[in-house]
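Asks: Just passing along the structure, written as structure tokens.
A short reminder: the numbers here are calculations on the coordinates, not readings from a lab. The model shown is predicted, which means the values in this text are computed figures rather than measured ones. A quick note on method: Cβ atoms are made from the backbone with ideal geometry, for glycine too, and the neighbour counts reach across all protein chains shown.
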Amino acid sequence: MQNTKPLIIEGRDSEGIRLESRLLEEHIQEAVNGGVRHLEIRAAGQHGIGGRLWQAGEPVKIRIEGTPGQRLGSFGYPNTEIEVMGSASEDTGWLNAGATILIHGNAGNGTCNGMAQGKVWVAGSVGSRSMTMTKRNPRFEPPELWVLGSAGDFFGEFMAGGKAVICGWQPQNPANVLGHRPMVGMVGGQVFFRGPMDGFSQADARMVPIEEEDWIWLKKGLSDFLLKIQKPELYDILCVREDWQCLTARSPMEKRETERRSMADFRKNMWEGELGKGGLIGDLTDLDMSPIPLITRGELRRFVPVWENRKYKAPCEGTCPTGIPVQQRWQLIREGRMDEAVDMALSYTPFPATVCGYLCPNPCMGACTRSSAFMAPVDIKPLGKASLAALTPVFPAIKGRKVAVVGGGPAGISVAWQLRSQGHDVVILDRSEVLGGKMRSVIPESRIPQEVLTKELERVAEIIPHIHLKQSLTRKDVERLKTDHDHIIIATGASSPRRLAVEGGERQITSLDFLEQAKANALKPGKNVVIIGAGNVGCDVATEAKRLGAENITLIDIQKPAAFGVEREEAEKAGAVFRWPCFTKALTKDGVLLENDELIPADTIVAAIGDMAVLDFLPETVVVEKGRIRVNEYGQTTDAKIFAIGDMVGQGLITDAIGAGRRTAQAICDMAEGRLPEMDTREILKLERVHLEYFDPRIPPKEDLGGCGSQCASCGNCRDCGICVAVCPGAAISRKDLGKNSFSYEVDAKLCIACGFCAGACPCGVWDLHPAVPIG
Amino acid sequence: MSANGQIIPSSLSISDLPWQIRWDQDKCTLCGSCTAVCPVNAIELGVFRKREITAGLGLAEKPSSSQSIRYGIRQRTSPAYACVGCAMCSMVCPNDAISPVRNDGSDKLRYHINQGGQPRSRGGRRNDPSGLLDQIKFIRISMLTDPALDAGRHTFDVNTLLGRVLEPRDALKHQREHGWMPPVREIYPLVIGGMSFGALSPTMWEGLQMGVAYLNEEMGMPVRICTGEGGCPPRLLRSRFLKYVILQIASGYFGWDEIIHAIPEMKEDPCAIEIKYGQGAKPGDGGLLMWHKVNRLIAAIRGVPERVSLPSPPTHQTQYSIEESVAKMIQSMSMAWGFRVPVYPKISATSTSLAVLNNLTRNPYAAGLAIDGEDGGTGAAYNVSMNHMGHPIASNLRDCYLNLVKVGKQNEIPLFAGGGVGKNGNLAANAAALIMMGASGVQTGKYIMQAAAGCLGSEQDRCNICNIGLCPKGIASQDPRIYRRLDAEKVAERVVDLYLAFDMELRKILAPLGRSTSLPIGMSDALGINDYHAAERLGIRYVV
């Protein structure tokens, strides 16, 4: 082939006009198809010379004089050998698939771009983005680029295969033979270079030592290259192993290894190195800032569970004016301590049977938590009645304050009972021979069995001395009492009945007088009875009137009757008719004449429009406002020595009077011990803390004590059921026996995560979550 | 509520709540994690009575009724304990048994979040998922017309300038005549907006600062972070890291004595001083740090008593006119560092922004203007301020920029835009849109919280309890029991991640435009929007 004389193809026509690239290509293809295997092209900038010559089927040699255009040897085939006598333009060897290309001058930008096979030798330097996007197909030998001089910028971008050799001989930039930012995106191949360079993409490539096998290849290739470019004399200069370096692509694994400096390292050495230990605020706080998990224990809990046994009043206790902790009594019953449950009442009231069992409308039951879920409240009546059997407690010897109680009704007896129980020297002064006030003298026997009341009054009389006054107290008497006693307690009640001021007013009998006489059977009311004032006292009158033979009983009122409860039921049972609004004009011998001139026939007309306190005996030091004595929360009047309680102060239930007595007694006990009186300020437990789900709503109300006790929700009062222990996910709760029927539940902070399950499950609402004490 | 209970107007059932807890009895193991982690105690252990009625076929046996007890997780319905949808319960549940579900149908809670006559205040965002910035497209794709660049392999210079940029001739004249040239900083165009030490937890704040320091020192990115109004820890003030920090002064002046004391000991000048006049999320309102978050540490840094709420006045108190406000504050703050530090105001976007800007153009010491749009976030504000007050950033910024163009100062006074940048996760696209509309850079806060620390807030009113210190991720809490959940180091790593990713995305947007050597500030011919009126208003192309 070398011996064959080349066919010369001119890049210009006879007139020197440049042939179009298309025409030159046609000439070349024709020649080769015609059997020519050695061509000399006198190029004039034509595009793509030397590619696509597969049809020859055997080697074709192309020598190029003049100036080849862009993409010399593109789509080159392995049978093609190209030699450019001068320099080449851009993209030489573009998508080269096997041609060998020898360039005696420089090659422009993009040399070997996308080359997959073949070899390109450049005797000068190559432009930017050379050896970029090169490939390696395992079916063929890898492509090679040999450059005597240097590479332009962005050399080897996205190089995926092949070998490039940059000899660095007379480089364009002596300080950098590989140009600006070489090897960006390199994923395969090798670059051998000789001479200085200014960095490469560390993320993609790495410098490796030249292996022996590579060095042998390099030496051999260098020798061939120098012969081809006719500079064999450089071999000894260039072939110095220490002068050569090799760049190769990082594997994906290696790329991961080149991750940035760890933040932990930066924090320790740079951040804290500059700021000091503890970083940004290490000087301001010694709080631990180390990371913690979402679920924490111990000090790091945001909340802590607290066993709030008896911290709050149960609704029954809280609404009982006397303040009896009913729920504790039911607990004693559940525990089988029946006697204690019964006896306990006497620490709160001297009349557990009379009042709780009979006379009281039982606000405790009205407030019972069970009612909030349409469940029958726990019935207190049986427990009240059972308390008749309560043992009279042994009171301590008298040693305390000397107290005179004026008035032997429920309020007076209550305060005296409580004071005596604390060892104070107390005496009751009353106008009656027998204590008991209206409970004894006015309330009909139909409502309270006489033996019950008598028994409880006897219990009182056993303990409290009683002076029968026989006459009303005067202001002077009170002054005298004051000098003889540490405290006086006025509890004379509402003893002065209100009378109707209408024409014929003298025909009325007051309810107080009526009931007193009725109880003594000293009255015959006749057939027709009209009761003016349809409250509960009026109802009592109606019931008694019926008992004494009345047939037509009418209760009239100017407004909707206020009567309620047992009293009203009894009156209705007695056939009493309630009428309202009725405005009384006059009382006549025939009956009650209304404003509308209707006459309601009456043999007896009873005025049941309330009783008033008698206040005229009070010393001037006791301030009275609008018919009422001014007292503080525990019954003390403006005269520090004098207290006033019960209906004196404001009318209420018997239990109100008993409760007032308790509070006053407590205050006096506090004062005796040199303390400021302290009232029970505990709040009532919030309803939603109690879980009635534990009770069957279909269980009908029970009457026996055991049945009642079992259905009590024990609001705010730990029933020792152990549900909290069972429900705690961390087994942090345990029961602690404190002896003497006493216990507590405790939380191990090391195990507790403050989930609040204990509070959520507690039937009694004893557990609660409290915010932890703030840190920092 | 109890069967016999009485309802009150604010009695709500679970169906009325915006977030409902779905709980699966079969999967639940009653481990207590969900109730332990719930930040607002919205769930509790419930006791349930289960009734079973049995009757035999043919009624051969006597039918019976029996009751049993079971336990489960119950959602509380009181407005005070309403679920906020944070889903921390799902996060801790080992069995995927629980999750909050958004109830869009009948949210009645919104009518009852004013108990005691106190309107709702909260942290978070505007709760409006839409956003004009997300609609803007980059329509100029230069495949062949301009040099086509490759975001991955080309080098890009995307830094921007903060400071009064004078023409060389003017600058030299300034230097010659006044012996002073305005200071200018070359910074990265994505600035972490002002979030105070106090609003953010110590771990969050440290994480952000550490991440910024890393970006500067390890990655060579001149990222800057603004302190917000709450002072600056003394150590940071005395460190070399201060140069990455923009110190904010706002109407509360919290912590400025510490800064003044540190000036003589500063190794570096701060990057700049931002004078906060307004905040996009709650224009017309000052800062508000609720008492929950004012613990000993915060109180010390701010120089206030512990456990008091710290409202900042809505305006700087001793300034009564725009001229005075701007001139007096810029003068003072410039003077503090010998006129070496750029000083610029930050305002809420408002229909009066132009007045401020025009004033700044006449003030040689003004280094720029930051404008914060309505979509900005906040740690605490009244619901009504957050939802209904404020001006969108896009048109406000555009008006300001075009006004600068009109007076020929568009290259002189840099505008920084904020408020909703990246609100739906499109940080780079939103930033690029604002830059091409005329911003020299953008400020962002919410995106950072979400990406760097996993903030759970969403535009559907999820979580948003930053104000009461119960942030379940420990981002906006001062309780170590909560903020120690957040590891400053991990936050810093995420800051680095998000900046590197942003940088790549920004280049992906800039490369097709053929821009690599400078930010395309004001290059609005590259923008298009599928909304005719918006296009007209913003002076960008309407594309359909």
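Asks: For the pair A:Lys220 and B:His533, how long in nm is the line joining their label points, each one 7 Å along Cα→Cβ?
Replies: Roughly 7.8 nm, to one decimal.
Asks: Let me check I've understood the local charge: for A:Ala123, count other residues with C-beta under 9 angstrom from its C-beta, Lys and Arg +1, Asp and Glu -1. What total comes out?
Replies: Around A:Ala123, the surrounding residues sum to +2.
Asks: Please give the length that would be gained between A:Glu451 and A:Val394 if that part of the chain were fully extended, namely 0.36 nm times their separation in residues minus their C-alpha to C-alpha distance (nm, one decimal).
Replies: Extending this stretch completely gives an extra 18.2 nm.
Asks: Okay, moving on. If R0 is 25 Å, what FRET efficiency do you get for B:Arg51 and A:Asp704 from their C-beta distance, rounded to 0.05?
Replies: Efficiency computed from Cβ-Cβ geometry: 0.45.
Asks: Looking at chain B, which Cys residues are left with no other cysteine's beta carbon under 4.7 Å from theirs?
Replies: B:Cys28, B:Cys31, B:Cys38, B:Cys83, B:Cys93, B:Cys226, B:Cys232, B:Cys271, B:Cys400, B:Cys455, B:Cys466, B:Cys471
Asks: Provide the gained length on full extension for the span A:Arg261 to A:Ala562, in nm with one decimal, where the gain is 0.36 nm per separating residue minus the Cα-Cα distance.
Replies: Contour length minus the Cα-Cα distance gives 99.7 nm.
Asks: May I pose another question? FRET efficiency for A:Glu299 and B:Arg240, Cβ-Cβ distance as r, R0 = 51 Å, nearest 0.05?
Replies: 0.90
Asks: Once the Cα gyration tensor of chain A is diagonalised, what are the square roots of 5 times its eigenvalues, in whole Å and ordered largest first, as equivalent ellipsoid semi-axes?
Replies: The three semi-axes for chain A are 123, 31, 23 Å.
Asks: Calculate log10 I(q)/I(0) of the stretch B:435-503 for q = 0.20, 0.28 Å⁻¹, where I(q) comes from the Debye formula with a single equal point scatterer on each Cα and nothing for solvent.
Replies: Debye output, listed in q order: -0.87, -1.23.
Asks: What is the order of B:Cys38, B:Cys471, fewest Cβ neighbours within 10 Å to most?
Replies: B:Cys38, B:Cys471
Asks: Further question: Just to verify a number: FRET efficiency for B:Ser78 and B:Val101, C-beta to C-beta distance, R0 = 25 Å, to 0.05?
Replies: 0.85
Asks: By how many degrees, between 0 and 90 and to the nearest 10, does the Cα long axis of helix A:212-228 differ from the longest principal axis of chain A?
Replies: That helix lies at roughly 40 degrees to the long axis.
Asks: Rounded, prolate or oblate: which fits the stretch B:153-200, taking a ≥ b ≥ c as square roots of the Cα gyration tensor eigenvalues, rounded meaning a/c under 1.5, else prolate when a/b beats b/c?
Replies: In terms of gyration-tensor shape, oblate.
Asks: In the stretch B:68-136, with Lys and Arg counted as +1 and Asp and Glu as -1 at Cβ, which of these residues, B:Gln75, B:Cys86, B:Asn127, has the Cα nearest the positive end of the dipole, that is, farthest along it?
Replies: Of B:Gln75, B:Cys86, B:Asn127, it is B:Gln75.
Asks: Under a Cβ-only charge scheme (Lys and Arg +1, Asp and Glu -1), can you give me the dipole magnitude of chain B about the Cα centre, in debye to the nearest 20?
Replies: Magnitude of the dipole: close to 780 debye.
Asks: I need A:Trp169, A:Trp580 ordered by Cβ neighbour count within 10 Å, fewest first.
Replies: Ascending number of Cβ neighbours within 10 Å: A:Trp580, A:Trp169.
Asks: Within the stretch A:498-611, what is the number of lysine pairs with alpha carbons under 13 Å apart, leaving out pairs fewer than eight places apart on the same chain?
Replies: Here the count comes out as 4.
Asks: What residue among A:Met115, A:Thr67, A:Asn79 has its Cα farthest toward the positive end of the dipole of the stretch A:38-146, where the charges are +1 on Lys, Arg and -1 on Asp, Glu, each on the Cβ?
Replies: Positive-end residue among those listed: A:Met115.
Asks: Placing unit charges on C-beta atoms (Lys and Arg positive, Asp and Glu negative, everything else neutral), compute the dipole magnitude of chain A about its Cα centre in debye, rounded to 20.
Replies: The calculated dipole for chain A is roughly 820 debye.
Asks: Let me ask another. Evaluate the charge dipole of the stretch A:498-611 about its Cα centre and quote only its size in Debye, nearest 20, assuming +1 on the Cβ of each Lys and Arg and -1 on the Cβ of each Asp and Glu.
Replies: Here the size comes out at about 120 debye.
Asks: With the contact rule set at Cα under 8 Å and sequence spacing of 6 or more, what percent relative contact order holds for the stretch A:498-611?
Replies: 36
Asks: Just want the ordering: B:Met389, A:Met131, from fewest to most Cβ atoms lying within 10 Å of their own Cβ.
Replies: By the 10 Å Cβ count, ascending, the order reads B:Met389, A:Met131.
Asks: Does the protein assembly as shown classify as rounded, prolate or oblate by the C-alpha gyration tensor (a ≥ b ≥ c root eigenvalues; a/c under 1.5 gives rounded; else a/b over b/c gives prolate, otherwise oblate)?
Replies: Judged from the Cα gyration tensor, the protein assembly as shown comes out prolate (a/c at least 1.5, a/b above b/c).
Asks: Another one. Roughly how large, in nm² to one decimal, is the mean projection of the convex hull of the alpha-carbon atoms in the stretch B:130-223?
Replies: If I average the Cα hull's projected area over directions, I get 11.5 nm².
Asks: So what is the relative contact order for chain A, in percent, with contacts set as C-alpha pairs under 8 Å and at least six apart?
Replies: Result for chain A is 9 percent.
Asks: Can you work out the PRE-style zone for A:Gln517? Point 7 Å along Cα to Cβ, and I want the residues of the stretch A:580-617 with backbone N under 15 Å.
Replies: A:603-608
Asks: Summing -39500 (n - 2.57) over the DSSP H runs of n ≥ 4 in chain A and dividing by its residue number, what mean residue ellipticity at 222 nm do you reach, to the nearest 500 deg cm²/dmol?
Replies: -6500 deg cm²/dmol
Asks: Right, another one. Would you tally the net charge around A:Ala491, using a Cβ to Cβ cut-off of less than 11 Å, leaving A:Ala491 out, and scoring K and R as +1, D and E as -1?
Replies: -2
Asks: Hey, another quick one. By its C-alpha gyration tensor, with a ≥ b ≥ c as the square roots of the eigenvalues, how is the stretch B:1-103 shaped: rounded for a/c under 1.5, else prolate for a/b larger than b/c, else oblate?
Replies: Verdict is oblate for the stretch B:1-103.
Asks: Return, ordered by residue number, the residues of the stretch A:38-71 whose backbone nitrogen is under 16 Å from a label point located 7 Å along Cα→Cβ of A:Phe140.
Replies: Residues A:50-60 qualify, since their backbone N sits under 16 Å from the label point.
Asks: In degrees from 0 to 90, rounded to the nearest 10, what is the angle of the helix B:488-510 Cα long axis to the longest principal axis of chain B?
Replies: That helix lies at roughly 60 degrees to the long axis.
Asks: Here is a follow-up. Largest first and in whole Å, give the semi-axes of the stretch A:498-611's equivalent ellipsoid, each being the square root of 5 times a Cα gyration tensor eigenvalue.
Replies: After diagonalising the Cα gyration tensor, the semi-axes are 19, 16, 13 Å.
Asks: Using alpha-carbon positions, what is the distance between the centroids of the stretch A:630-701 and the stretch A:146-203, in Å?
Replies: 98
Asks: Moving to a separate point now. List residues of the stretch B:39-62, by number, whose backbone nitrogen lies under 16 Å from a label position 7 Å along Cα→C-beta of A:Asp696.
Replies: Only B:49-55, B:62 pass the distance filter.
Asks: Related question: With unit charges on the beta carbon (Lys/Arg positive, Asp/Glu negative), name the residue among A:Val614, B:Tyr111, A:Gly706 whose Cα is farthest towards the positive pole of the charge dipole of the protein assembly as shown.
Replies: Working it through, the farthest residue towards the positive pole turns out to be A:Val614.
Asks: Starting from the Kirkwood Rh over alpha-carbon pairs, what translational D in µm² s⁻¹ does chain B have by Stokes-Einstein at 20 °C and 1.002 mPa s?
Replies: Result for D is 85 µm²/s.
Asks: Sort B:273-279, A:205-211, B:391-397 by packing, meaning the average of other beta carbons within 10 Å per residue, with the highest value first.
Replies: B:273-279, B:391-397, A:205-211
Asks: Okay, helix-only estimate at 222 nm for chain B: each DSSP H run of n ≥ 4 adds -39500 (n - 2.57), divide by all residues, round to 500 deg cm²/dmol; what do you get?
Replies: -8000 deg cm²/dmol
Asks: If you take each beta carbon of peptide A:750-761 and count the beta carbons of other chains within 10 angstrom, what is the mean?
Replies: 5
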